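Only one structure is covered here, and it is reproduced in the block below.
Bear in mind that the values in this text are calculations on the coordinates, not laboratory data. All values reported here derive from a predicted model rather than from experimental measurement. Note: ideal-geometry Cβ built from the backbone for every residue, glycine included; neighbour counts use all protein chains shown.
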Amino acid sequence: MDLYEWADNSINSSPRYATGFTQLLSTNPYRVSSAVRNGYESRLPLIRSFQKTALAIFRAALNDEMDPLVLHWLTNEAPAGLGISYHRGLQDCHFTLPVFFRTDEALPGRINEIQCPGSAWGDLQLTYEYTAKIGHNPGVASPANQFSAQLTDFLKETPVVHHLLDQSSAPPGMRYFIEKTRPQVKYWSIDPGVKTSDCNFVRSHSFYSLCSEYDFTSRMARVGNGITYDLPPHVLFDQKATLILPFWSMTRVLFTDDIREIQIFSTPLLPDGIELQDGDHVTIDEFSRLPKSRRSYYLKYAGADLSLNWGSKGVYRLSNLGSDACRDFLHQCLTGFESCKIWLLQKEEFQEDEISYITRDDKIHTQTLRGKFSGFYGPFGCLGILALHRHHFKVHGQEDTVVSYILADGEGSIQK
């Protein structure tokens, strides 16, 4: 064997991953009405409008055109080198929107979070393929093929991607998705002959990863002229802080009712109290004395601290706490407000479904489980929808989470 053939083969055979699939598969695709399925396409302009308005608020706050509290809220725990001074030094071309993103929905059409790009892209692809494997025709191109096509159309050239996986919450699935997008999409460190200077699209699961990447400075000089960031090179869309903007008295007037109708009510935890959905303003002590039925909120860390702001970390169910425990916990969270640690309250909405799934011992189980629904979006539309179900109020990529590909009623009939 040629020495370089041996060296090539040695490198190309590594690494050999052995993580496998770590969740549970439903016995059938998850069915929704055609109207619900079509809603995922029709909501994209509203989501884009929300993102554009949030970005305009952020830029106005950076220009001292908003109450200082808005800037305090949106920059929060960003470290000094990547905080207000960094963002005030950015050029117009750097204030972009996410290209690909994932919604998290407590029930279809009720968004509680938006992640760029989010995890579980590989899970979406796998459940699409599983749906076909068990005899259902999904009727559309695979999420990976749609991703490749939309990215090519968006860039207007062959995508050459640098994907930073260091902050992904599910790297095995993301690696799987990457492989499924090849060869239409080329990747640095995977495809032969690709140099970092060839990359025209940068994907990352963390704003901080972008800024610590080796070519960050040279790439920032080429944004809009050969470089596009999936997650923008600013902190706004790498946190939950934006979720309160359509409802907060400081910024509410800038959003339409249509945007509020697709998002679950969220409100900031502030030293002077809490704004409730009915417009009432209550102190922390007054909120804590409310009956549990009126305290059906999640408390979520809303800022930019990587140790708290992704996955199901920093999420607490306030209705699980007694009045005294709720009061003490909220006051404890507020002790960090002056040092820019921020929290929000989000109204609890949920849907439970009877789900059948198969375990590795080939047994079928049927349970009533809490749902979460995620639409995966690109610049030109929804690439697919994933249903996740679990016997817990935190539904994420845990080992006991059941995943299903979503089809409309009558779509994807069983193949003979």
Sequence ranges 197-208, 84-95, ranked by mean other-Cβ count within 10 angstrom, highest first: 197-208, 84-95
Two pseudo-spin positions, 7 Å from Cα along C-beta at Asp2 and at Asp153, lie apart in nanometres by 4.1
Using Stokes-Einstein with the Kirkwood hydrodynamic radius over Cα pairs, what translational diffusion coefficient do you get for the chain at 20 °C and a viscosity of 1.002 mPa s, in µm²/s rounded to a whole number? 94
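Of the peptides 260-269, 212-221, 127-136, how do they stack up when ordered by the mean number of other Cβ atoms within 10 Å, highest first? Walk me through the numbers on the way to the answer.
Numbers: 260-269: 19.9, 212-221: 13.8, 127-136: 17.8.
With the highest mean Cβ count within 10 Å placed first, the list reads 260-269, 127-136, 212-221.
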So, relative contact order of the range 265-347 in percent, Cα under 8 Å, 6 or more apart, is 41
Can you run phi through the Karplus equation (6.51, -1.76, 1.60; θ = phi - 60°) for the range 241-250 and list ³J(HN,Hα) in whole Hz, with x for Gly and Pro? 4, 5, 5, 7, 4, x, 10, 5, 4, 5
In what sequence, highest mean first, do 287-294, 52-59, 2-9 appear when ranked by Cβ atoms within 10 angstrom? 52-59, 287-294, 2-9
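Kirkwood Rh, Cα Rg: Rg to Rh for the range 265-347?
Using Cα coordinates only, the ratio equals 0.93.
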Options Thr368, Gln346, His87, ranked by Cα towards positive dipole end of the chain, top entry (Cβ charges): Thr368
Looking at Leu334, Thr283, Tyr297, which one has the Cα that reaches farthest to the positive end of the dipole of the range 265-347 (charges on Cβ: Lys, Arg +1; Asp, Glu -1)? Tyr297
Compute the FRET efficiency between Val282 and Arg48 as 1/(1 + (r/R0)^6), taking r as their Cβ-Cβ distance and R0 = 45 Å, and round to the nearest 0.05. 0.85
If I model a spin label at Asp191 and Ala56 as a point 7 Å from the Cα along the Cα→Cβ vector, what separation in nanometres do I get? 3.8
For Cys340 and Leu165, calculate 0.36 nm times their separation in residues minus their Cα-Cα distance, and state this gained length in nm to one decimal. 60.3 nm
How much mean residue ellipticity at 222 nm does the chain get from its helices, if each DSSP H run of length 4 or more adds -39500 (n - 2.57) and you divide by all residues, to the nearest 500 deg cm²/dmol? -8500 deg cm²/dmol
For the pair Asn9 and Gln332, what calculated FRET efficiency results from E = 1/(1 + (r/R0)^6), where r is the Cβ-Cβ distance and R0 = 56 Å, to the nearest 0.05? 0.50
Using a 7 Å offset from the Cα along the Cα-to-Cβ direction at both Leu90 and Lys394, what is the distance between the two label points in nm, to one decimal? 2.9
Long-range share for the range 1-133, i.e. C-alpha pairs more than 17 Å apart as a percent of all pairs, stands at 76
Unit charges on C-beta of K, R, D, E only; dipole of the chain, Debye: 420
Can you run the Rg to Rh ratio on the range 277-416? Use alpha carbon positions and the Kirkwood inverse-distance Rh. 1.06
